[in-house]
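The values are calculated or read from the model by the stated rules, or taken from the named source; none is laboratory data. Predicted model only: the values in this text are computed from it and were never measured. Cβ coordinates were reconstructed from backbone atoms using ideal geometry, including for glycine residues, and neighbour counts include every protein chain displayed. With ligands, DNA and RNA removed, areas are computed over all heavy atoms of the protein, side chains included. Shrake-Rupley method; radii C 1.70, N 1.55, O 1.52, S 1.80 Å.
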Amino acid sequence: MDDLIRAIAVVRAHTDMEPDLTLVLGSGLGALADAAEDAVAIPTTEIPGYPPSTVVGHAGRLVFGQLEEKSVLFIQGRVHLYEGHPARALGFPVRLAHALGARRLVLTNAAGGLHPEWAPGTLMLITDHLNLAFASPLAGPVGEGEPRFPDLSAVFDPAWIALAEQVAVNSNLILRRGVYLWTAGPSYETPAEIAFFRRIGADAVGMSTVPEALQAVALGMKVLGLSTITNLAAGLHATPLNHEEVMEVGRQVHDNLTAWLRALVAATPLDA
Ligand code: HPA
């Protein structure tokens with residue numbers, strides 16, 4: 001808790017912005033923050049309590065800026081379980097965003113697709129999740145204002161999903177819908193694991209997003225999730241997976257994703 005208070009003080013020395021919404025940028029999607037106007041960037045290394053980011057392609061910065069006349073906090077460089085952080089630390093960026101005033105959270109990620117017909121570059125709105133990492137940022141003491149046992153019957157806000165789909169239709173962008181499955185990583189999956197994940201109802205698999213969504217729901221925030229399918233999951237295609245391929249597809253969808261995000265931010269209502 002002390003860390004959170006110190007973190008807020010550091011941020012407030014740079015900006016007094018209260019974000020209307022917060023956007024967490026996934027692998028290869030960090031450049032989306034370039035769309036911000038009047039940006040103030042703070043390296044996460046300067047923020048007390050912020051878990052150090054160690055992944056190539058995940059520059060650790062908080063960027064505060066305007067997008068479509070709304071105040072947006074871009075989180076560039078998320079933190080993952082596979083980096084060795086305790087599960088609780090994965091909720092820190094979201095707790096900070098909430099403490100700064102954000103009540104809405106957009107989570108983006110790169111994910112493996114579980115449908116052979118989903119080409120790399122397919123975009124998927126997350127309708128629900130499966131937690132196969134069996135970890136939670138909520139384990140431990142109950143956070144201030146958080147319930148001990150949060151309800152997860154609508155983690156990803158149905159009204160916001162409907163709005164996001166409408167925005168996509170208006171900009172001629174095809175969005176799939178599906179269930180995102182969180183694994184601890186850091187290895188990609190075995191073909192047997194992927195066969196199992198398909199049978200239990202997953203549409204995409206990745207190593208992020210769920211912990212932030214859990215933290216946000218506990219804080220009463222509205223959450224929207226979008227996966228970029230960067231590759232077919234293990235066993236569904238001939239060549240081995242690698243991180244460069246994931247990053248490259250992330251860059252290829254950048255323009256489409258930026259256009260959709262701008263329109264989404266413009267259409268998203270401001271909360272009282
Ligand atoms: N598996 C897990 N995480 C991923 C993948 C994948 O195939 N692609 C991008 N992130």
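A few points about this structure:
- Subset of the stretch 156-176 (residues that are without any contact (Cβ under 8 Å) to a residue 24 or more places away in the chain and not small (Gly, Ala, Ser)): Pro158, Val169, Asn172
- Every pair of residues 6+ apart whose Cβ atoms lie under 7 Å, when the first sits in the stretch 238-256 and is under 12 Å from Ala110 (Cβ atoms) while the second is among the hydroxyl-bearing types (Ser, Thr, Tyr) and open to solvent by 50 Å² or more (accessible area, probe 1.4 Å): Leu241/Tyr188
- Residues in the stretch 225-254 that are more than 9 Å from the ligand (Cβ to nearest atom), more than 23 Å from Val94 (Cβ to Cβ) and not hydrophobic (A, V, I, L, M, F, W, C): Gly235, His237, Thr239, Pro240, Asn242, Glu244, Glu248, Arg251, Gln252, His254.
- Near pairs, Cβ below 7 angstrom, 6+ apart or cross-chain, from the stretch 88-114 (within 16 Å of the ligand (Cβ to nearest atom)) to any residue that is basic (Lys, Arg): Leu114/Arg198
- Residue check for Arg148: open to solvent by 30 Å² or more (accessible area, probe 1.4 Å), of a type outside the set (Gly, Ala, Ser) and either within 19 Å of the chain's Cα centre (by Cα) or on the phi > 0 side of the Ramachandran plot (or both): no
- Residue in the stretch 193-200 that is of a type in the set (Gly, Ala, Ser), surrounded by fewer than 16 Cβ atoms within 10 Å (Cβ to Cβ) and away from the ligand (no atom under 14 Å from the Cβ) present: no
- Just one of the listed residues (Ile161, Ile174) is open to solvent by 60 Å² or more (accessible area, probe 1.4 Å) and β-branched (Val, Ile, Thr), and it is Ile174.
- Every pair of residues 6+ apart whose Cβ atoms lie under 6 Å, when the first sits in the stretch 17-31 and is within 16 Å of the ligand (Cβ to nearest atom) and in a strand (DSSP E or B) while the second is open to solvent by less than 10 Å² (accessible area, probe 1.4 Å) and among the hydroxyl-bearing types (Ser, Thr, Tyr): Leu25/Thr108
- Given (1) within 11 Å of the ligand (Cβ to nearest atom); (2) crowded, with 16+ Cβ neighbours inside 10 Å; (3) of a type in the set (A, V, I, L, M, F, W, C), number of the condition Ala184 does not satisfy: (2)
- Any hit, the stretch 209-224, residues being touching a residue at least 12 places away in the same chain (Cβ under 8 Å), under 18 Å from Arg104 (Cα atoms), touching a strand residue (DSSP E or B) at 6+ places or on another chain (Cβ under 6 Å) and within 14 Å of the ligand (Cβ to nearest atom): yes
- So Val40, is it open to solvent by less than 20 Å² (accessible area, probe 1.4 Å) and either touching a residue at least 12 places away in the same chain (Cβ under 8 Å) or in a helix (DSSP H, G or I) (or both): no
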